[in-house]
């Protein structure tokens with residue numbers, strides 16, 4: 001089936017959609033679909049990679065003095081419209097930006113199916129950021145662009161609740177993001193003198209709850225001797241500096257802050273960590289949890305991310321995001337032996353291979369597309 005994936009950008013490698021939308025398009029292409037991905041970029045152009053046709057467009061920021069989310073892209077709008085006229089199914093990822101508007105307008109004119117993946121942008125915490133701008137954007141553009149939607153796509157049941165709470169009533173397909181599972185490698189011998197690492201990797205943003213993680217680390221006092229808390233990721237609006245000041249105020253010496261990591265360096269960070277922690281206030285999925293598990297690293301996640309399976313699959317902890325709960329989970333995980341943590345990590349890796357492979361995800365998404373197009377049965381993972 002001819003499908004067009006539209007996302008604001010795939011240039012920020014630290015953002016989940018830069019990975020998940022690309023891999024979805026590739027997995028659909030591997031199943032014989034015609035996959036195109038359209039986005040904004042600093043350098044426009046057309047390319048083909050792994051069976052996917054990529055179209056990158058400039059935003060027309062020079063034409064108007066507008067906020068970034070209101071900047072149009074006539075080239076992107078035209079290409080989306082042409083694809084819809086060609087009968088392509090439209091799958092848009094995200095809201096509150098002009099590229100997210102064009103597929104809805106094009107689908108309505110051409111009468112083709114439209115699917116929207118909110119990507120966490122309808123969560124309570126996400127809506128609270130720039131709330132006034134989003135309210136304006138809703139009335140100007142977003143509401144009309146949702147009219148032709150055949151189905152929403154949620155990555156977890158908790159996101160179904162977000163969609164319904166916002167007042168949207170169309171069917172919702174619950175399909176998680178996929179993950180590429182790292183090859184099994186034999187771990188090297190761990191030096192008794194080398195600190196074990198607790199890793200946070202992701203955006204340095206208030207909604208990620210890293211301040212609570214630092215307070216939890218302070219709660220551990222002498223229990224974290226021989227351990228290091230490693231906080232890795234791009235800082236947004238100077239938040240990393242604020243967190244470093246908090247670490248100093250709390251008297252934390254065994255905490256290090258680093259910028260974003262990509263490729264092999266990112267994979268090594270996951271593999272080197274004894275524990276991974278995501279102290280988030282809200283996530284629709286939490287791609288970093290899947291990445292850590294795929295590298296065989298046990299995970300501590302808060303209730304803000306839909307990872308209750310960490311408990312049932314015996315590969316981590318799922319706790320409240322208050323510092324006391326985080327500290328208790330950290331203390332328990334750090335008290336385990338290296339072999340016990342490796343066993344938990346292996347169970348997490350097996351879980352990712354079994355339920356989150358991109359082949360499995362693409363097969364479900366393909367069934368959803370056919371149902372939306374009127375050529376398939378209602379999938380069992382669709383909530384009506």
(message) Out of the residues in segment 217-247 meeting the condition of being under 20 Å from the mean Cα position of the chain (by Cα) and in contact (Cβ under 8 Å) with a residue 60 or more places away in the chain, tell me which one is surrounded by the most Cβ atoms within 10 Å (Cβ to Cβ).
(response) 233
(message) Taking the condition of being in a helix (DSSP H, G or I) and over 22 Å from the mean Cα position of the chain (by Cα), how many residues in segment 368-384 meet it?
(response) 3
(request) Scan (1) surrounded by 16 or more Cβ atoms within 10 Å (Cβ to Cβ); (2) in contact with a helix residue (DSSP H, G or I) (Cβ under 7 Å, 6 or more places away or on another chain); (3) outside any strand (DSSP E or B) for the single condition residue 197 breaks and write down its number. (result) (3)
(request) Out of 113, 148, report the one residue that is within 22 Å of residue 26 (Cβ to Cβ), touching a helix residue (DSSP H, G or I) at 6+ places or on another chain (Cβ under 6 Å) and not assigned by TED's automatic domain parsing to the domain that holds residue 348. (result) 113
(request) Report yes if some residue within segment 60-67 is surrounded by 15 or more Cβ atoms within 10 Å (Cβ to Cβ) and either at pLDDT 95 or above or assigned to a helix (DSSP H, G or I) (or both); otherwise report no. (result) no
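Table: residues versus (1) in the same structural domain as residue 211 (by TED's automatic domain parsing); (2) at negative phi; (3) surrounded by fewer than 21 Cβ atoms within 10 Å (Cβ to Cβ).
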position: 265; (1), (2), (3): yes, yes, yes
position: 268; (1), (2), (3): yes, yes, yes
position: 273; (1), (2), (3): yes, yes, no
position: 296; (1), (2), (3): yes, no, no
(message) Between 106, 84, 25, which is part of a helix (DSSP H, G or I), in the same structural domain as residue 368 (by TED's automatic domain parsing), within 17 Å of the chain's Cα centre (by Cα) and modelled with pLDDT of 95 or more?
(response) 25
(request) Pick out the one residue from 286, 296 that is more than 25 Å from residue 222 (Cα to Cα) and touching a helix residue (DSSP H, G or I) at 6+ places or on another chain (Cβ under 8 Å). (result) 296
(request) Within segment 312-339, track down each residue that is within 22 Å of the chain's Cα centre (by Cα) and within 17 Å of residue 280 (Cβ to Cβ). (result) 316, 317, 318, 319, 320, 321, 326
(message) If residue 127 satisfies all but one of (1) touching a residue at least 40 places away in the same chain (Cβ under 8 Å); (2) farther than 16 Å from residue 170 by Cβ, what's the number of the condition it fails?
(response) (1)
(message) So for segment 322-345 (the condition being under 30 Å from residue 171 (Cβ atoms) and either at pLDDT 95 or above or not assigned by TED's automatic domain parsing to the domain that holds residue 171 (or both)), does at least one residue qualify?
(response) no
(request) Determine which single condition residue 52 fails, assuming it passes every other condition in (1) modelled with pLDDT under 95; (2) under 30 Å from residue 232 (Cβ atoms); (3) touching a helix residue (DSSP H, G or I) at 6+ places or on another chain (Cβ under 9 Å). (result) (1)
(request) For residues that are buried (at least 23 other Cβ atoms within 10 Å of the Cβ) and touching a helix residue (DSSP H, G or I) at 6+ places or on another chain (Cβ under 6 Å), scanning just segment 21-37, find the one that is nearest to residue 370 (Cα to Cα). (result) 28
(request) Specify which of the listed residues (175, 204, 210) is surrounded by 12 or more Cβ atoms within 10 Å (Cβ to Cβ), touching a strand residue (DSSP E or B) at 6+ places or on another chain (Cβ under 8 Å) and farther than 27 Å from residue 23 by Cα. (result) 210
(message) Taking the criterion of being part of a helix (DSSP H, G or I), under 23 Å from residue 36 (Cβ atoms) and modelled with pLDDT of 95 or more, would at least one residue in segment 144-151 satisfy it?
(response) yes
(request) Select from segment 220-253 the residues that are on the phi > 0 side of the Ramachandran plot and out of contact with any strand residue (DSSP E or B) (no Cβ under 7 Å at 6 or more places or on another chain) and list them in ascending order. (result) 221, 237, 238, 251
(request) Might you check whether a residue that is touching a strand residue (DSSP E or B) at 6+ places or on another chain (Cβ under 8 Å), assigned to a helix (DSSP H, G or I), surrounded by 14 or more Cβ atoms within 10 Å (Cβ to Cβ) and free of Cβ contacts under 8 Å to residues at least 12 places away in the same chain occurs anywhere in segment 326-343? (result) yes
(request) Go through the residues of segment 123-140 one by one and say whether even a single one is at positive phi, crowded, with 22+ Cβ neighbours inside 10 Å and in the same structural domain as residue 55 (by TED's automatic domain parsing). (result) no
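The values are calculated or read from the model by the stated rules, or taken from the named source; none is laboratory data. This structure is a prediction, so every number in the text was calculated from the model and none was measured. As a convention, Cβ positions derive from the backbone with ideal geometry for all residues, glycine included, and neighbour counts pool all protein chains shown.
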